[in-house]
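The values are calculated or read from the model by the stated rules, or taken from the named source; none is laboratory data. What you see is a predicted model; the values in this text were computed from it and never measured. As a convention, Cβ positions derive from the backbone with ideal geometry for all residues, glycine included, and neighbour counts pool all protein chains shown.
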């Protein structure tokens, strides 16, 4: 795992809080599936990306992961036609929740968590 340096102290609770929110806001997808999982991280990232490089990095990582999950869910949805997509969708849902929680915990510790199987749209 890597720790990001910036002009803002790494221990700054505000930076860590916004970094955690970049990841944790994706859990809104549990309430509002499609827009929630993307809009939460996107709004936090847009509002705070200029505040600190850490927030920018966490926001991009969260958005990349949620966009990747959206693609994987789309493929699983098509596979629902042959019934194999249903367990895949459930698995993706559980993996998404688990990895978002892990990323939020890492962000609260000041570390940048790199999600596995993520397509890097934003660099």
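Answer yes or no as to whether residue 32 is free of Cβ contacts under 8 Å to residues at least 12 places away in the same chain, surrounded by fewer than 22 Cβ atoms within 10 Å (Cβ to Cβ) and either closer than 22 Å to residue 119 by Cα or in contact with a helix residue (DSSP H, G or I) (Cβ under 9 Å, 6 or more places away or on another chain) (or both). Before the answer, list the steps.
Working: free of Cβ contacts under 8 Å to residues at least 12 places away in the same chain: yes; surrounded by fewer than 22 Cβ atoms within 10 Å (Cβ to Cβ): yes; either closer than 22 Å to residue 119 by Cα or in contact with a helix residue (DSSP H, G or I) (Cβ under 9 Å, 6 or more places away or on another chain) (or both): yes.
Answer is yes for this residue.
Kindly indicate whether residue 114 is free of Cβ contacts under 8 Å to residues at least 24 places away in the same chain and surrounded by 13 or more Cβ atoms within 10 Å (Cβ to Cβ).
Judged against the criteria, residue 114 is not a match.
Pick out, from segment 1-112, the helices (runs of 4 or more DSSP H) lying fully within it that include 1 or more residues that are at pLDDT 95 or above, touching a strand residue (DSSP E or B) at 6+ places or on another chain (Cβ under 9 Å) and over 23 Å from residue 123 (Cβ atoms).
Working: elements: 13-24, 33-48, 53-79, 85-108.
Per the criteria, no element qualifies.
Name the pairs whose Cβ atoms lie under 7 Å apart, with the first residue in segment 63-76 and in contact (Cβ under 8 Å) with a residue 24 or more places away in the chain and on the phi > 0 side of the Ramachandran plot, the second assigned to a helix (DSSP H, G or I) and surrounded by 22 or more Cβ atoms within 10 Å (Cβ to Cβ), and 6 or more positions between them or separate chains?
From segment 63-76, no pairs qualify.
If only one of 64, 73 is surrounded by 18 or more Cβ atoms within 10 Å (Cβ to Cβ) and under 18 Å from residue 21 (Cβ atoms), which one is it?
Result of the check over 64, 73: 64.
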